[in-house]
1. Hey, can you tell me all the residues within the range 22-48 that are open to solvent by 30 Å² or more (accessible area, probe 1.4 Å), touching a strand residue (DSSP E or B) at 6+ places or on another chain (Cβ under 9 Å) and either part of a strand (DSSP E or B) or away from ligand 2 (no atom under 14 Å from the Cβ) (or both)?
2. So residue 98 clears everything in (1) in contact with a strand residue (DSSP E or B) (Cβ under 8 Å, 6 or more places away or on another chain); (2) open to solvent by 40 Å² or more (accessible area, probe 1.4 Å); (3) hydrophobic (A, V, I, L, M, F, W, C) except one condition, right? Which one?
3. Is it the case that some residue within the range 88-108 is within 16 Å of ligand 1 (Cβ to nearest atom), more than 14 Å from the chain's Cα centre (by Cα) and in a strand (DSSP E or B)?
4. Would you check if residue 61 is open to solvent by 20 Å² or more (accessible area, probe 1.4 Å), within 13 Å of ligand 2 (Cβ to nearest atom) and farther than 15 Å from residue 92 by Cβ?
5. Look at residue 52 and say whether it is at pLDDT 95 or above and open to solvent by less than 40 Å² (accessible area, probe 1.4 Å).
6. Does residue 17 satisfy the condition of being open to solvent by 60 Å² or more (accessible area, probe 1.4 Å) and of a type in the set (Gly, Ala, Ser)?
7. Out of the residues in the range 1-52 that are among the β-branched types (Val, Ile, Thr), in contact (Cβ under 8 Å) with a residue 60 or more places away in the chain and out of contact with any Gly (no Cβ under 9 Å at 6 or more places or on another chain), state the one that is nearest to ligand 1 (Cβ to nearest atom).
8. Residue 111 is checked against (1) more than 16 Å from ligand 1 (Cβ to nearest atom); (2) surrounded by fewer than 18 Cβ atoms within 10 Å (Cβ to Cβ); (3) within 19 Å of residue 20 (Cβ to Cβ) and fails just one. What number does that condition carry?
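The values are calculated or read from the model by the stated rules, or taken from the named source; none is laboratory data. Computed from a predicted structure; not experimentally measured. With ideal geometry, Cβ positions are generated from the backbone for all residues, glycine too; neighbour counts draw on all protein chains shown. The protein model used for the area step is the full one, side chains on, heavy atoms only, and it has no ligands, DNA or RNA in it. Shrake-Rupley method; radii C 1.70, N 1.55, O 1.52, S 1.80 Å.
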Amino acid sequence: MSYTGGCACGAVKLEIAGEPIGTRQCWCRQCQQIAAGGPTHNAIFKVEDVRVIGALAASHWTAASGNTLTFSFCPSCGAQVYAQSSARAHLKTVRLGVIDEPHGLRPEVVIWTEEAPAWAHIDPALESWPRQPPAPPAPAD
Ligand SMILES: [Zn+2]
Ligand SMILES: [Zn+2]
């Protein structure tokens, strides 16, 4: 197993078998709303690599693209666990905060910078996109 994780109250546990195909910091408005005004930090895994133990609740939002975004969270503590887009059902966007430390992951790409507040500190060394970039490429295997 590559990573383990869990929500804030421990009702939901994660077992992740592979490495992420990408990591991102997202400043879109929806992320600011679920992340208390800051960006979300995410690692994108293949669906089959992520095992969830425990019951999740979900909310469904329609993105500007028309895709349906599903946000899965712990119904007991409310911690965001992962998101999935109807356009990329083979991927799970796992919130870095629910992966056990020390995981060594950090954002490689910053997205939706045009929606970031003026006070946001965005690392100029990272690849950045004003809006949604193309999906990460599939792994070579
Ligand atoms: Zn919980
Ligand atoms: Zn976002």
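1. Looking only at the range 22-48, we keep the residues that are open to solvent by 30 Å² or more (accessible area, probe 1.4 Å), and these are 24, 29-30, 33-36, 41, 46-48.
Next, only the ones that are touching a strand residue (DSSP E or B) at 6+ places or on another chain (Cβ under 9 Å) stay: 24, 30, 34-35, 41, 46-47.
24, 41, 46, 47 - these are the residues of the range 22-48 that are open to solvent by 30 Å² or more (accessible area, probe 1.4 Å), touching a strand residue (DSSP E or B) at 6+ places or on another chain (Cβ under 9 Å) and either part of a strand (DSSP E or B) or away from ligand 2 (no atom under 14 Å from the Cβ) (or both).
2. (2)
3. no
4. Details: open to solvent by 20 Å² or more (accessible area, probe 1.4 Å): yes; within 13 Å of ligand 2 (Cβ to nearest atom): yes; farther than 15 Å from residue 92 by Cβ: yes.
In short, yes.
5. Details: at pLDDT 95 or above: yes; open to solvent by less than 40 Å² (accessible area, probe 1.4 Å): no.
When the stated conditions are applied, residue 52 does not pass them.
6. Numbers: open to solvent by 60 Å² or more (accessible area, probe 1.4 Å): yes; of a type in the set (Gly, Ala, Ser): yes.
Yes; evaluated as a whole, the condition is true for this residue.
7. By that ranking, first place goes to 4.
8. (2)
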